[in-house]
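Here the structure comes first, spelled out in structure tokens, and everything after it is commentary.
The values are calculated or read from the model by the stated rules, or taken from the named source; none is laboratory data. Note that the coordinates shown come from a computational prediction; the quantities given were computed from them, not determined experimentally. A quick note on method: Cβ atoms are made from the backbone with ideal geometry, for glycine too, and the neighbour counts reach across all protein chains shown. Heads up: the accessible areas ignore ligands, DNA and RNA and are worked out on the full protein's heavy atoms, side chains in. Shrake-Rupley method; radii C 1.70, N 1.55, O 1.52, S 1.80 Å.
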Amino acid sequence: MRIFLGIFVFLCVATVSIFGIRGTKFTEPPLYVFPDMDDQEKYRPQGENTFYQNRMDDRPVVPGTIARGSSWETAKVFNEDFNYAQADNPELYTGKTRSGEWVRGFPVEVNHALMELGQQKYTIFCQVCHSAIGDGDGITKQYGVATTLSYHDDRLRDMAEGEIFNTITHGKNTMSGYGEKLRPEERWAVIAYLRALQRAQNGTLDDVPTPFKKELLESLQAPAQDSTPADEPETTQEDDSSTQAESTE
Amino acid sequence: MANIFPKWSNFVPIKIILGIGLVVTAVVAGITYYGTPKYMRVGYQPIQPVPFDHNIHVEQLGMDCRYCHTYVDRSEHSNVPSTNTCMNCHSQVLTDSQALAPVRESAESGEPIPWVRIHKTPDFVYFNHSVHVNRGISCVECHGQVNEMQTVYHAKSLSMSFCLDCHRHPEKSIRPVDEVYNLNWEASSPKEQEEMGKRFVHDWKINPPLSCSGCHR
């Protein structure tokens, strides 16, 4: 019995010291004792196969076709009234009119929902470089993306929406395109938000809705008396806009 | 007549039963502890071709998961980003870093970077990312604190019981939809989580599948 207990304790200790405890980091793939049907011969997103030459399951989109599971509704696509929308509605998909000029204005309805969508997508995809207020001073600037520019100059304020759409889709100079990450409607939403940022940074007193005007003027006068140097950037911008407002009036 | 069996043999049956009991307990305990995904998978941290660091990109730069894992909220599959996504910045940032050499090669040749896959459900299981993340289930529930990982590892077991634990009590892990990508978010107290979760489950008509055909379709 003693010998048995000895061996038993030894085996237990040996097992624990060989296998360790749960949660230990390891680099070899996990062992599958019974592989069952865990790995079936089927194509999965971003998977690998031996059939195609470049071994990728994902196939490039054939021009003029629509991927399954894309933003299209199947019911719409298989309806006999369906027209291939890109040819039908070039403004929405290319930012150009039929005669090849940049679109001015929006081919989608601009409403609060679109603005919110635009803000969400802008925060995800543009903020790292262009910063939250669009002055081009995002976090990546200090790490080397030095050419990011500000939206707040006359060239970009006067630029046609369609041309900005083209910049987002295909990129421009040192900025790469976001066409594959954003659907056309989302790109237009981002442009709507970008326009809002431009107005916010270049606003005049007249742009402030009347109910808030009084409040704003009061808040501007209050810090003017004991002007602390460590003002928040927002206040200084409002100062700017108020001086501008004075000069334009 | 002399005793045929010596006295110690009286204890042999008890000792054998005891011994078998010990061995069986040890084997069962060993298999439950070592034979289940909680041991087999948790902690799997393969060596990646590029030492990509989520902590730098998410915490230090403040990037959203969807900048790279773009399709997580609109499709079943959460994509690993293409080389172009890296080159958006790394065409200008750290252009001579040794660690990024495979990224630059891949951008030139068009061959994808051979990332080693970490999380994988068996092919007979139907899993869908967008239904979860659009209903207030954060990445952290199934992937752990990826935002703090320098190298991603398998943090949760992703076994069938893991899925079912949550499907039976979704109110314990459901959160406001705009906090899904903020992996550091936590309700102020477990009680608050419970109340909020119950409200969401009721308002959004949350009804996770518990029947076999929900996940094995």
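Taking a ≥ b ≥ c as the square roots of the eigenvalues of the alpha-carbon gyration tensor, the range B:1-80 is classed prolate because a/c is 1.5 or more and a/b outweighs b/c.
Each peptide in B:171-177, B:152-158 was scored by the mean count of other Cβ atoms within 10 Å over its residues; highest first, the order is B:152-158, B:171-177. Given +1 at the Cβ of Lys and Arg, -1 at the Cβ of Asp and Glu and no other charges, the dipole of the protein assembly as shown around its Cα centre is 3180 debye to the nearest 20.
In the complete set of protein chains, residue-level accessible area for B:Ile14 is approximately 100 Å², probe 1.4 angstrom. Considering only B:Val125, B:His143, B:Val177, the residue lying farthest towards the positive end of the dipole of the range B:65-217 is B:Val125, judged by Cα position with unit charges set on Cβ.
Rounded to two decimals, the Cα-based Rg/Rh of chain B, with Kirkwood Rh, is 1.19.
Interface residues of the range A:108-152, defined as those with an accessible-area decrease of at least 50 Å² between the chain by itself and the complete set of protein chains (probe 1.4 Å), are A:Ile124, A:Val128, A:Tyr143, A:Val145. When all alpha carbon pairs of the range B:75-165 are counted in 5 Å bins from zero, the resulting P(r) reads 2, 10, 17, 20, 17, 14, 11, 7, 3, 0 %.
Residues of the range B:122-141 that lose at least 30 Å² of accessible area (1.4 Å probe, protein heavy atoms only) when the other protein chains are present, relative to their chain alone, are B:Asp123, B:Phe124. Around the Cα centre of chain B, unit charges on the Cβ atoms of Lys, Arg, Asp and Glu (plus for the first two, minus for the last two) sum to a dipole of about 1240 debye. With the whole protein complex present, A:Leu216 retains an accessible surface near 30 Å², based on a 1.4 Å probe. Look at where the Cα atoms of the range B:131-167 and of the range B:49-112 average out, and the two centres are 21 Å apart.
Would you mind telling me the share, in percent, of accessible area of chain B contributed by carbon and sulfur at probe 1.4 angstrom? Of the solvent-accessible surface of chain B, carbon and sulfur hold 61 percent.
So with the 1.4 Å probe, I'd like the accessible area per residue for the protein assembly as shown, rounded to whole Å².
On the way: 30000 Å² over 466 residues.
Using a 1.4 Å probe on heavy atoms only, each residue of the protein assembly as shown averages 64 Å².
For the protein assembly as shown, dividing the convex hull volume of the Cα atoms by the residue count gives 278 Å³ per residue. A compact globular protein would have a Cα radius of gyration near 2.2 N^0.38 Å; the ratio found for the range A:112-200 is 0.99.
Just the number, please: buried accessible area between B and A, total of both chains, 1.4 angstrom probe, nearest 100 square angstrom.
That pair hides around 4500 Å² of surface in total.
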